[in-house]
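Read the structure below first, then the notes.
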Amino acid sequence: MQVLTTIESLQGLLKGWRSDNQTVSLVPTMGGLHEGHLSLVRMANNNSDKTLVSIYLNPTQFGKGEDFDSYPRTIDADLGALENCQADAVFVPETEQMYPDGWSFDYEVGDIGKILCGITRPHFFKGVAQAVYRLLEIVEPEIAVFGQKDYQQLFIIKKMLRDMSLGVQILSHSTVRESDGLAMSTRNNYLSSKERAIAPELFRILERAREGYLSSKTVESLRVDIHKSINQHFELEYAEIIDANNLKQITDNTTEIAILCAVSLGPTRLIDNIFFWR
Ligand code: PAF
């Protein structure tokens, strides 16, 4: 497995792959890898000839007072896990490579970035879009792979590719969970043992809401139930039951429902979601 830190060396490698007619999947990450990330790598391995993973802790998607400084930096363990997972190469750029002087990005994420996670993190989706766009520009992969835990992020990335007519195929992998249901996340490392014992309740609340919906409870009463249950264990940021295909209110035309939420547990922010056919 090759580890590259410059665009020049990466593009040399990509040129060799291309001349052998090899297709390339990109798996963008910020490091702090866990089984959820590795499932994206396996998905990439299964869908293209070569898998390139990027590790870049993107400062532009963190706001003031957020956890950029304390975010886990575990490069040695990450590289070991990627080697075991048979990634072909890892791109670990510095910021000068990602955002060189003179490079600009003016895509407007728009209203879709102002709802849900965008309410408390107004800078977030623009930063994500910037990093993903830049990586796609550098790598020009056939496929890029993302996790469904960050459902709004996935939605916005797909929209950006459509808006910009970028011909990259997006694959997404379902959320990987611990055996007690907690969605895997790099930020789970912040949980104390007491908080870690409480955290799986979030997924149980989402599962109960799904059952409630399927047994004909109204969206409004479910919303009240979810908020009440979340407030017993967590500090609620948002919990919404919406149309999975457009992130808007459910209508008669809705075919797939998403329940998306973000909460705080002590200093740790957790997000999770569940989606299902109507
Ligand atoms: O999901 C993440 O890890 C990041 O938001 C991403 C997509 C790598 C962009 O920095």
Tyr133 passes all but one of the listed conditions (1) within 20 Å of Val24 (Cα to Cα); (2) in contact (Cβ under 8 Å) with a residue 40 or more places away in the chain; (3) aromatic (Phe, Trp, Tyr); the exception is number (2)
Inside segment 127-150, can you point out the residues that are within 9 Å of the ligand (Cβ to nearest atom) and among the charged types (D, E, K, R)?
Lys149, Asp150
Residue under evaluation Asp101, criteria (1) farther than 25 Å from Glu8 by Cα; (2) charged (D, E, K, R); (3) without any contact (Cβ under 8 Å) to a residue 40 or more places away in the chain; (4) part of a loop (DSSP other than H, G, I, E, B), criterion not met
(1)
Name the single residue that is farthest from the chain's Cα centre (by Cα) among those in segment 15-61 being surrounded by fewer than 20 Cβ atoms within 10 Å (Cβ to Cβ), away from the ligand (no atom under 13 Å from the Cβ) and polar (S, T, N, Q).
Ser19
Selected residue [within 29 Å of Thr74 (Cβ to Cβ) and touching a residue at least 40 places away in the same chain (Cβ under 8 Å)] from Met184, Met164
Met184
Checked Ser216, Ser193 against criteria (within 27 Å of Glu66 (Cβ to Cβ), exposed (fewer than 12 other Cβ atoms within 10 Å of the Cβ), more than 18 Å from the chain's Cα centre (by Cα) and not aliphatic (A, V, I, L, M)); the one match is Ser193
Selection status of Asp76, at pLDDT 95 or above and not in a loop (DSSP other than H, G, I, E, B):
yes
Count of residues meeting criterion [out of contact with any helix residue (DSSP H, G or I) (no Cβ under 9 Å at 6 or more places or on another chain) and buried (at least 18 other Cβ atoms within 10 Å of the Cβ)] in segment 141-186:
1
May I ask you to say which residue of Leu13, Leu4 is farther than 23 Å from Met184 by Cβ and touching a Phe, Trp or Tyr at 6+ places or on another chain (Cβ under 6 Å)?
Leu4
Residue that is nearest to Thr23 (Cα to Cα) [pool: residues in segment 153-176 that are among the polar types (S, T, N, Q) and more than 11 Å from the ligand (Cβ to nearest atom)]
Gln169
Does segment 68-81 hold any residues that are more than 13 Å from the ligand (Cβ to nearest atom) and of a type in the set (Asp, Glu), and which are they?
Asp69, Asp76
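The values are calculated or read from the model by the stated rules, or taken from the named source; none is laboratory data. In this text the structure is predicted, and so the values were computed from the model without any measurement. So basically every Cβ, Gly included, is an ideal-geometry build from the backbone, and we count neighbours across all protein chains shown.
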